[in-house]
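The values are calculated or read from the model by the stated rules, or taken from the named source; none is laboratory data. Values in this document were obtained by computation on a predicted structure and should not be read as measured data. Here Cβ is always computed from backbone atoms with ideal geometry, including for glycine, and neighbour counts include all displayed protein chains.
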Amino acid sequence: IACNVDMTARCRFCRAPERAPTYIRTISGVIDKPRQAKFKIGQIVKHRIHPFRGVVFDVDPTFANTDEWYEAIPAELRPSKDQPFYHLFAENEVTEYIAYVSEQNLLPDTSGDPIRHPQVDEVFDRDDNGGYRVKRTGLH
């Protein structure tokens with residue numbers, strides 16, 4: 001699979017290559033639209049196996065990290081690359097960090113608790129429903 005992506009741009013939070021939503025040209029030449037993302041920017045999610053949660057701040061339509069990162073996942077746990085991957089301001093009981101997680105490993109977090117990651121306030125405002133919305137900027 002090859003895609004039309006400028007890999008020089010990097011996410012300002014986790015430094016992973018950014019990918020604009022794009023159509024993917026397969027080896028057969030067919031153009032496929034990436035799958036619709038299940039979770040939205042600002043939505044609070046939790047990992048289905050590991051004890052952490054976070055707020056989505058970016059979505060890649062398909063895997064867009066390094067092969068080294070992917071190969072570090074045990075083979076029996078490796079997710080498919082052909083699904084949305086989410087950048088999260090994440091937290092566990094001990095610390096806050098940036099996480100990159102496949103859609104298959106995420107569930108909605110319905111606890112209503114805020115995310116304590118220090119970068120959340122740079123990007124989001126808390127909404128009336130306990131979720132987050134991207135801060136408005138002075139765009140014209």
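Got a number for residues in region 85-140 being among the small types (Gly, Ala, Ser) and closer than 23 Å to residue 69 by Cα?
Count: 3.
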**Request:** Filter region 92-113 down to residues that are surrounded by 14 or more Cβ atoms within 10 Å (Cβ to Cβ) and either touching a Pro at 6+ places or on another chain (Cβ under 6 Å) or of a type outside the set (A, V, I, L, M) (or both) and give me whichever is nearest to residue 79 (Cα to Cα).
**Result:** 102
**Prompt:** Among the candidates 49, 73, which residue alone is without any contact (Cβ under 8 Å) to a residue 12 or more places away in the chain and in a loop (DSSP other than H, G, I, E, B)?
**Reply:** 73
**Residues satisfying the stated conditions in region 67-83, i.e. more than 21 Å from residue 38 (Cα to Cα), surrounded by 11 or more Cβ atoms within 10 Å (Cβ to Cβ), of a type outside the set (Ser, Thr, Tyr) and modelled with pLDDT of 95 or more** = 69
**Message:** Anything in region 113-139 that is touching a residue at least 60 places away in the same chain (Cβ under 8 Å) and β-branched (Val, Ile, Thr)? List them, or say none.
**Reply:** 115, 120, 123, 134
**Prompt:** For residue 39, are the conditions met, namely being under 14 Å from the mean Cα position of the chain (by Cα), assigned to a loop (DSSP other than H, G, I, E, B) and modelled with pLDDT of 95 or more?
**Reply:** yes
